Amino acid sequence: MQAPVAITGAGCLCAAGMDLRSAFAAMLQGERQPQPPQLFSTSHEEVSPVFEIYQPLPAPETDLTLLRTTRLAISATLEALADAGLSAELLRGLKVGVCIGTTVGSAMNNEDFYREYQAGKDPDMAQIDRYLRSNPATAIARLLQLDGPCQVVVNACSSGTDAIGLAAGWIRQGLCDVVITGGADELCRTTYNGFSSLRITSPQPCRPFDVNRRGLNLGEGSGVLILESSTSLQRRGKSPRAFVRGYGSASDAYHLTAPHPDGIGLKQAINEALTGAGIAAQELAFINAHGTGTPDNDRVESRVLAELMPGIPFGSTKCFTGHTLGAAGGIEAALTLCCLEQGRMPANVGFSEPDSQLPATPVTSVTSLTKRIALSQSLAFGGNNAALIIALEER
Amino acid sequence: MKPLAISGMGLVGAFGCGSAALKAALGGALPVPQQVDLRGAQLPVYRADTQPLGSSLSERALRRIDHFSQLALLGAREALAEADRPELDRSRLGLIIGSGFGPVSTAAHFHDTAIIDGDEFASPTAFSNSVHNAAAAHVSIWLKISGPTMTVCQLDMSYISALLTASQWLDEGRVDAVLLGIVDEYSDLLGYCWKHYSGGAVAQHFEPLQLDRTTAIAGEGAAFFLLEAAQTDDDRPQLQGLQMGGGIDLPAQGPLLLACDGFAETGKSYAELLASARRTACFTQLYGSSPVAPAFDLAVAALAVKEPQLLGSAFAGGQIHCLRHGFVGVSGHVQVGL
């Protein structure tokens with residue numbers, strides 16, 4: 001069994017809201033407004049709507065020359081730290097690690113720079129300097145003057161969930177008193193063109209698990225949790241909000257972009273997480289599914305949910321946030337925590353007609369939760385699968 | 001940390017492929033950098049050849065896999081072959097890949113397809129191979145590794161980040177063994193940046209111990225290690241300590257392998273150690289400057305603790321400390337011993 005790890009703070013910003021509280025409230029209201037991208041232009045004839053953050057990012061003291069992904073991560077981090085009651089001064093006396101998942105934040109794929117380079121010009125190296133200074137974990141550590149382990153996980157769409165799973169291990173192993181962990185990703189032309197090229201984006205607002213689902217909508221944002229050791233908690237006299245009770249991950253070893261049709265890796269990841277938490281599937285209040293709205297993902301996920309966790313309510317919060325890639329696991333963990341605390345989960349908006357090939361269907365209205373443990377799961381390119389169990393109680 | 005035994009290594013660099021090739025380079029068979037065309041000028045680069053992969057994969061299969069992932073596949077294959085552990089349960093084998101920059105060439109190719117042909121014609125194949133964890137996917141599919149898989153990106157500290165995770169997984173009992181690889185490739189775009197960061201004039205001779213001058217020559221390659229929890233009376237080389245952070249607590253005794261990268265900016269951070277009475281050595285000139293270089297240093301140390309004559313008497317017996325000072329004020333230290 002994995003020892004529970006305390007969650008003492010959470011922060012999130014995404015298209016649904018500029019902080020965790022407002023994002024969750026909007027979801028309970030069923031509000032979502034995907035629109036054509038405004039951050040960048042595209043020449044695609046059929047435009048897929050996206051879940052973009054239109055407001056200026058909070059935390060104006062943040063270095064504006066950092067990548068947007070990194071500024072998203074910093075914004076969510078500052079919200080989570082405030083929630084945990086941890087000031088920068090308090091952190092300096094502790095061993096604090098940073099473990100963040102991303103996709104765009106790790107990639108030297110500045111298209112403007114590359115266009116100029118390919119045109120035979122001498123692009124301004126400031127863009128590369130910016131990339132080198134924007135490693136999300138290192139930038140957070142630098143901002144807060146932290147000296148613990150730093151890691152950026154780049155497991156594609158399971159990055160955020162994997163980062164939290166790793167971070168929990170840092171606490172359990174005594175490497176850190178506190179870990180800032182989660183995921184962050186910005187919308188950009190590169191990922192928009194990439195997912196469009198794979199023909200898995202929907203021209204309409206996404207409809208996870210519906211028979212007429214046509215693909216995903218991209219999104220952006222960041223979700224961050226503060227994990228803390230029991231020693232640090234006792235020293236501060238602080239009570240946790242919840243606990244990371246279990247984490248599991250496994251590879252399909254099957255295909256570069258498609259999940260294994262039998263969900264082999266997903267099952268292995270879920271079983272490892274349940275075993276780590278020392279619970280049975282029937283103890284779960286609900287499942288925050290990956291639920292991208294692509295035909296393949298939803299088919300595999302529905303089959304695995306029906307087989308391993310029959311009857312447990314589930315839904316996808318991506319219908320409110322879009323698929324935020326490396327941020328998704330962090331955002332969904334924070335939202336899962338809110339669902340448990342408030343005893344309600346939002347409706348899986350966009351689902352109206354079941355698919356006969358999908359043996360499990362999501363909740364269609366705001367649903368009351370009576371149990372106090374939940375699972376958040378992520379599937380990813382490369383065949384990665386990750387599962388995280390969050391509970392309101394330690395045991 | 002609990003010591004990690006190195007059961008096998010898969011090394012691909014300018015020195016060649018395999019532990020024997022690295023030993024030969026240490027013995028004096030120095031690799032020569034290739035001259036690569038960069039906008040009409042010649043740039044020396046320590047390139048790594050993935051041709052040996054042709055004995056395992058068809059030409060057709062190789063055409064579909066980019067150079068970055070080929071480096072990973074070759075390194076992974078070599079590490080498992082050297083370990084000779086066919087009984088390993090692949091569902092209990094973890095895979096961790098660390099890379100400073102990822103598949104940069106394929107990412108550039110993806111941009112090309114959109115820029116030249118238009119957004120509608122961006123290549124799906126290039127996109128799916130440009131994702132940072134594409135190499136891990138190729139390795140897991142080819143070698144049927146279905147345990148946990150992780151790719152980490154921490155620039156020149158990717159190697160120590162990856163080791164930290166391997167140590168954690170083994171300590172938690174999540175896996176029986178970890179196949180850990182550090183992979184980075186040269187690309188024209190990196191070469192362009194390299195030239196700028198070298199002040200416009202790239203050195204033709206790599207002198208990493210000339211700390212006050214930038215003489216760095218870019219390198220590439222893959223360094224894979226099959227890691228397991230060390231047993232009592234284990235005769236395999238071991239990683240016995242890991243540190244990562246702004247302040248490294250370096251033991252006062254023991255020889256040092258310094259991963260000097262040939263940049264004046266980081267060079268000065270090694271000056272005090274080189275001026276001290278400690279036994280020090282640097283081998284970056286065997287593989288070039290890249291995020292893989294400190295992982296190659298671990299391989300050198302692992303070979304040297306098994307064969308004390310390899311680096312001469314000054315390094316014989318006891319532990320070897322591998323040290324890398326990074327660009328952003330973070331350092332990595334790994335203690336290698338028997």
Checklist entry - What FRET efficiency, computed as 1/(1 + (r/R0)^6) with R0 = 41 Å and r the Cβ-Cβ distance, is obtained for A:T364 and B:E172, rounded to the nearest 0.05? => result 0.60
Item to check | FRET efficiency estimate (nearest 0.05) - Cβ-Cβ, A:R372 to A:Q29, R0 25 angstrom | outcome: 0.55
Item to check | Footprinting exposure proxy for B:S69, A:S352 (fewest neighbouring C-beta atoms within 10 Å first) | outcome: A:S352, B:S69
Checklist entry - How far is it, in nm, from the label point at A:A82 to the one at B:R64 when both lie 7 Å from their Cα along the line to the Cβ? => result 5.1 nm
Item to check | Highest-first arrangement of A:298-304, A:309-315, where packing means the average Cβ count within 10 Å | outcome: A:298-304, A:309-315
Item to check | Loop-located GluC sites (Glu not before Pro) in segment A:1-88 whose Cβ has at most 15 other Cβ within 10 Å (DSSP) | outcome: A:E31, A:E45, A:E46, A:E61
Next on the checklist: If each residue of separation counts as 0.36 nm, what is the full-extension length gain between A:Q118 and A:L64 once their alpha-carbon separation is subtracted?
Outcome noted: 16.7 nm
Checklist entry - Say the dipole of the protein assembly as shown comes from +1 at the beta carbon of Lys and Arg and -1 at that of Asp and Glu; which of A:Q118, A:Q29, B:A299 then lies farthest toward its positive end? => result A:Q29
Next on the checklist: Between A:R236 and A:H255, what is 0.36 nm times their sequence separation minus the Cα-Cα distance? Round to one decimal in nm.
Outcome noted: 2.1 nm
Item to check | Inter-chain shielding of A:128-140 (mean C-beta neighbours from other protein chains, 10 Å cut-off) | outcome: 3
Checklist entry - So which helices of chain B fit the span-like rule, where a helix is a whole DSSP H run, its Cα atoms reach 15 Å or more along the axis, and its mean Kyte-Doolittle is at least -0.5? => result B:67-83, B:104-117, B:158-172, B:293-306
Item to check | Three-way shape call for segment B:95-164 based on the alpha-carbon gyration tensor, with the a/c threshold at 1.5 | outcome: oblate
Checklist entry - Which is the longest part of chain B that has none of the trypsin sites (Lys or Arg not before Pro) sitting in a DSSP loop with at most 13 other Cβ atoms within 10 Å? => result B:214-338
Checklist entry - What residue among B:P255, B:A83, B:I6 has its Cα farthest toward the positive end of the dipole of chain B, where the charges are +1 on Lys, Arg and -1 on Asp, Glu, each on the Cβ? => result B:P255
Checklist outcome for this item: Length gained if B:V32 through B:D112 is fully extended, taking 0.36 nm per residue and subtracting the Cα-Cα distance, is 25.7 nm
Item to check | Pairwise centroid distance, computed over Cα atoms, of segment A:234-296 with segment A:187-219, Å | outcome: 23 Å
Item to check | Within a Gaussian network of chain A (alpha carbon springs, distance under 10 Å), most fluctuating of A:N193, A:N135, A:N297 | outcome: A:N193
Checklist entry - For segment A:84-122 and segment B:173-248, what is the separation of their C-alpha centers, rounded to whole Å? => result 21 Å
Next on the checklist: Assuming a strict under-23 Å limit between Cα atoms, what lysine pair count do you get for the protein assembly as shown once near-sequence pairs (fewer than 8 apart, same chain) are dropped?
Outcome noted: 10
Checklist entry - Top mean-square fluctuation among A:Y117, A:Y192, A:Y54, Gaussian network model of chain A, C-alpha springs under 10 Å? => result A:Y117
Next on the checklist: For a quick check, take a GNM of chain B with Cα springs below 10 Å and name the residue from B:A14, B:A271, B:A61 with the largest mean-square fluctuation.
Outcome noted: B:A61
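Only the coordinates and a few stated rules stand behind these numbers; no lab work does. These figures come from a predicted structure and were not determined experimentally. Counting neighbours? That spans all protein chains shown, and the Cβs are built from the backbone with ideal geometry, glycine included.
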